[in-house]
Amino acid sequence: MRTIFEENMKEFLEGTLDPLQKEEEWFHPYARILVLQQETEGAGGQMKNKSQFVQRDFLNVVAYGVFRFDTEENADDDLEDEVLYCYELQVSSTARRQGLGRELLELMSLFGKQHHMKKVMLTCFKANEEAIAFYKKIGFTNDPICPSQWADSESEEETEEEEEEEEIDYFILSKPLNT
């Protein structure tokens, strides 16, 4: 998992990448991990979509997702929604465009519906344009609490220095779960 993460995220996290901190997040007691592995025996090396829960047996991983059942503030400020928050969705460069990311998010959505969550949420770097296009294609939109949508409408009286300090480099996206 670490190899896929580092390969996919190095350009976005250059100089700030802390693999141990990431692993703490992945293996947090409330975290759930979905892992897709490449079947190597008897399949002629072909990719097979096999979704399964595993416990730290991460051989031949081609994609994974990390999520938690959580609460997040909503547009009413004083209320919170129960959500399934996708902390990580990574697909190996050799396994892209095979529907694995979509499969992982569909499984997360199914779990969210089963547990009566209101929506699936995630955070994505603005610079990760390929991921943003993917999420939007499958129905994610800017969440009402996404600070990026407010940044452009802030007062023009701010100095350049204040703008740099408050620069927001990510979007919070969500997709409703019609349960």
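A short reminder: the numbers here are calculations on the coordinates, not readings from a lab. A quick note: this is a predicted structure, and the numbers were derived from the prediction, not measured. When we count neighbours, we look across all protein chains shown, and the Cβ atoms used for this are built from the backbone with ideal geometry, even at glycine.
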**Amide hydrogen neighbours beyond the local backbone of K119, cut-off 5 Å, H modeled** = L84, L177
**Message:** Whole-Hz ³J(HN,Hα) for each residue in region 21-38, computed from phi via Karplus 6.51 cos²θ - 1.76 cosθ + 1.60 with θ = phi - 60°, x for glycine and proline: what do you get?
**Reply:** 5, 4, 5, 4, 5, 4, 9, 4, x, 8, 6, 10, 10, 9, 10, 10, 10, 7
**Prompt:** Roughly how many nanometres apart are two label points built 7 Å out from the Cα toward the Cβ at E130 and F27?
**Reply:** 2.9
**Asked** Could the peptides 24-36, 110-122 be put in order, highest first, of the mean number of other beta-carbon atoms found within 10 Å of their residues?
**Response** 110-122, 24-36
**Item:** Local electrostatic count, L13, Cβ distance below 12 Å [Lys/Arg +1, Asp/Glu -1]
**Value:** -4
